[in-house]
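Trainee: The structure's right below; bear with me while I get my questions together.
The values are calculated or read from the model by the stated rules, or taken from the named source; none is laboratory data. Worth saying up front: this structure is predicted, and the values here are computed from it rather than measured. Here the Cβ positions follow ideal geometry from the backbone for every residue, glycine too, while neighbour counts run over all protein chains shown. Only protein heavy atoms, including side chains, enter the accessible area calculation; ligands, DNA and RNA are left aside. Shrake-Rupley method; radii C 1.70, N 1.55, O 1.52, S 1.80 Å.
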Amino acid sequence: MIRYLSVRNLAIVERIDVELGAGLTVLTGETGAGKSIVLGALHLLVGGRATAELVRAGEDKAVVQAVLDADDGREVVLRREVTAQGRNRVFIDDELTTVGALQALGRQLVDFHGQHRQQTLLDQRTHLPLLDLHGGLAEQASAVAAAHGAWREAEARLTQTRGRVEERAERVELLTFQSREIDDVAPLPGEDEELAAARTRLANTERLITLCSDAYGALYEQDAAVLARLGHVWRRVEELSEIDPAFARHLAGRDAVGAQLEDLAFFLRSYAAGIDGSPERLTEVESRLALLERLKKKYGPQLQDVLDHRRRIAAELDALDGQAAEVERLTAAAGRARQAFLDVAAPLSEQRRRTAQALREQLARVLADLAMPHACVQARFAAAPLPTERWSARGIDDAELYFSANPGEEARPLARVASGGELSRVMLGLKTLATTDRPGKTLIFDEVDAGIGGAVADSVGRMLRTLGRRFQVVCVTHLPQIAAYATSHHHVSKSVRDGRTATSVESLGEQGRVAELARLMTGGASVAAREGARILLQEKTGESPPGYGAARGSSGEEGVH
């Protein structure tokens, strides 16, 4: 709700300070007095377009400020400055901000209906919520929104997991290739060392055979073989021990020495006989070593590192197999969430269509009371079913209000074909029947009385006053039947001061209201006109409007200029 408005150097306004209250506030005045400038100032405060032409001639800048009460009870101060060079600055609670931020806040706090066209009715996204409110479907709509959120969350988890699996697909392919490459070779612990030794032996076959034969012959076969002459040695040692017992200790090991030399001789013989010195065997060993060396270069450097890498591959592949199972689980969960969304969205869609027909019929009756007897407003739904990608938190529907003012005219989107006055009255009717706005929001109606009078004007005034019980309603009007329903009344006028035209705003007391109503009724303020105005005011309010006491001065002015 707007509590205070201050305007400086805007168009023909030099200075205006206006306090606004709850309920229905009307602005009246002669054509061209500056009523639209007051609304234009409010329009600037909710993000309207600002140009250098708005600055009063001869001034450096125009400044518009307002104090509003937010939904949460906070006091919000808005300020908009427009320089003569066309630059503008925006402040929210004295903090410099952007026009976009101002527009976002303005949509929450103020709604225009009329020539400024800064209104929620022009946003197609508000049409379904209007139907839900009118049909008492808010609870079902909330359930649909919650189910949609759960479904989208399940889909997001599934997409994220699929992404991880797809990212790891290449990893799986690489690991599988590496595993197969190692398994095809099937290395054994220490195999490379054994093969290296075998290759050395095979490369020195002839030398090994020669050395074994020579050593064996020297130990066993030759005439002067070591084993044959060893008996002679031990006999001499025995003789020596008989002379000197110091040699006796060496005789204790003669059996072991003989046995060792015999074992060596037999090993030399068998080793030489078992040597496979074929070129094929050498080729086989070298080929095997080449395979192992290639694995060691890729996964080593040691063969044991290769075997450890193979074990790690197996463990990682097992973990990646679990990801595939997770995708299946999340796919099933997303499917259940999707069905749960449809289970609540489909019934809501059917209820909305029934509500749309009821709203059309009721709104037709309301518009007839507003001098639009042939007007038709209908909600048209997009062809069902909507594609999945167009489902939203609002459900599986997409609807837009269509409007036709006269018989035989094709209904077209409301936002494109309705005039300012028609749009204001349609919005007045809709807000009387259903509204998504929060209590306390400021609704501004301009041109709502265009082309009407008499009993229709009385209906408009009554509806505006009814809306004023829930919202702060500001209305520009030229009709006394509407102005008489106001809970507060401001008169806009212009005068020439020091050779310059200036607009001013007066808050009218009871006598001032009577005089202004008389002017609206007859164009003058005769005794008869005043009496008629007083009767009209009494009829529409039942009593003197709240907040109005005795007049201050002949004009009823209460000090707001």
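Trainee: With the structure loaded, tell me whether GLU19 is of a type in the set (Asp, Glu) and surrounded by 14 or more Cβ atoms within 10 Å (Cβ to Cβ) or whether it fails that test.
Mentor: Judged against the criteria, GLU19 is a match.
Trainee: Take PHE112 and tell me if it is surrounded by 13 or more Cβ atoms within 10 Å (Cβ to Cβ) and without any contact (Cβ under 8 Å) to a residue 60 or more places away in the chain.
Mentor: no
Trainee: Next question. Exactly one of these conditions fails for THR126: (1) open to solvent by less than 60 Å² (accessible area, probe 1.4 Å); (2) farther than 30 Å from ALA358 by Cα. Give me its number.
Mentor: (2)
Trainee: Quick check on segment 43-68: of everything there that is under 13 Å from SER6 (Cα atoms) and among the aliphatic types (A, V, I, L, M), which residue is surrounded by the fewest Cβ atoms within 10 Å (Cβ to Cβ)?
Mentor: VAL67
Trainee: So in segment 192-216, with the set limited to residues that are open to solvent by 50 Å² or more (accessible area, probe 1.4 Å) and either in a loop (DSSP other than H, G, I, E, B) or among the aliphatic types (A, V, I, L, M) (or both), which one is nearest to LEU292 (Cα to Cα)?
Mentor: ALA203
Trainee: I'd like the residue in segment 240-254 that is of a type in the set (D, E, K, R) and in a helix (DSSP H, G or I) and, out of all such residues, is modelled with the lowest pLDDT.
Mentor: Per the criteria, the residue is ARG254.
Trainee: Let me ask you something else. Restricting to segment 349-384, give me the number of residues that are open to solvent by 60 Å² or more (accessible area, probe 1.4 Å), in contact (Cβ under 8 Å) with a residue 12 or more places away in the chain and not in a helix (DSSP H, G or I).
Mentor: Residues meeting the conditions: 3.
Trainee: Could you list all residues from segment 94-140 that are modelled with pLDDT of 85 or more and touching a Gly at 6+ places or on another chain (Cβ under 7 Å)?
Mentor: Residues satisfying the conditions are VAL99, LEU102, GLN103.
Trainee: Looking at (1) in contact with a helix residue (DSSP H, G or I) (Cβ under 7 Å, 6 or more places away or on another chain); (2) polar (S, T, N, Q); (3) closer than 25 Å to HIS491 by Cα, can you tell me which one GLN85 breaks?
Mentor: Failing condition for GLN85: (3).
Trainee: Mind telling me which of the residues VAL257, VAL237 ends up being of a type in the set (A, V, I, L, M, F, W, C), open to solvent by 50 Å² or more (accessible area, probe 1.4 Å), assigned to a helix (DSSP H, G or I) and without any contact (Cβ under 8 Å) to a residue 40 or more places away in the chain?
Mentor: VAL257
Trainee: So which pairs qualify, if the first residue must be in segment 192-204 and in contact (Cβ under 8 Å) with a residue 40 or more places away in the chain and closer than 14 Å to PRO279 by Cβ, the second must be loosely packed, with under 14 Cβ neighbours inside 10 Å and of a type in the set (Gly, Ala, Ser), the Cβ gap must be under 7 Å, and the two must be at least 6 apart or on different chains?
Mentor: none
Trainee: With the requirement that a residue be in a helix (DSSP H, G or I), free of Cβ contacts under 8 Å to residues at least 24 places away in the same chain and more than 28 Å from SER392 (Cβ to Cβ), what does segment 152-191 give you?
Mentor: GLU167, ALA169, GLU170, GLU173, LEU174, PHE177, ARG180, ASP184
Trainee: Hey, another quick one. Go through (1) touching an Asp or Glu at 6+ places or on another chain (Cβ under 6 Å); (2) outside any helix (DSSP H, G or I); (3) not basic (Lys, Arg) and name the single condition LEU292 misses.
Mentor: With respect to (1) touching an Asp or Glu at 6+ places or on another chain (Cβ under 6 Å); (2) outside any helix (DSSP H, G or I); (3) not basic (Lys, Arg), LEU292 is out only on (2).
Trainee: Looking at (1) farther than 23 Å from GLU14 by Cβ; (2) surrounded by fewer than 16 Cβ atoms within 10 Å (Cβ to Cβ), which is the only condition ARG497 fails?
Mentor: Single failed check for ARG497: (1).
Trainee: Output the residues belonging to segment 27-41 that are touching a Gly at 6+ places or on another chain (Cβ under 9 Å) and open to solvent by less than 10 Å² (accessible area, probe 1.4 Å).
Mentor: Once the filter is applied, which keeps residues that are touching a Gly at 6+ places or on another chain (Cβ under 9 Å) and open to solvent by less than 10 Å² (accessible area, probe 1.4 Å), segment 27-41 yields only LEU39.
Trainee: Would you check which residues across segment 268-277 are part of a loop (DSSP other than H, G, I, E, B) and open to solvent by 60 Å² or more (accessible area, probe 1.4 Å) and list them?
Mentor: ASP276
Trainee: Next up: Looking at segment 278-321 only, could you name the residues that are of a type in the set (S, T, N, Q) and open to solvent by less than 50 Å² (accessible area, probe 1.4 Å)?
Mentor: Matches in segment 278-321: SER278 only.
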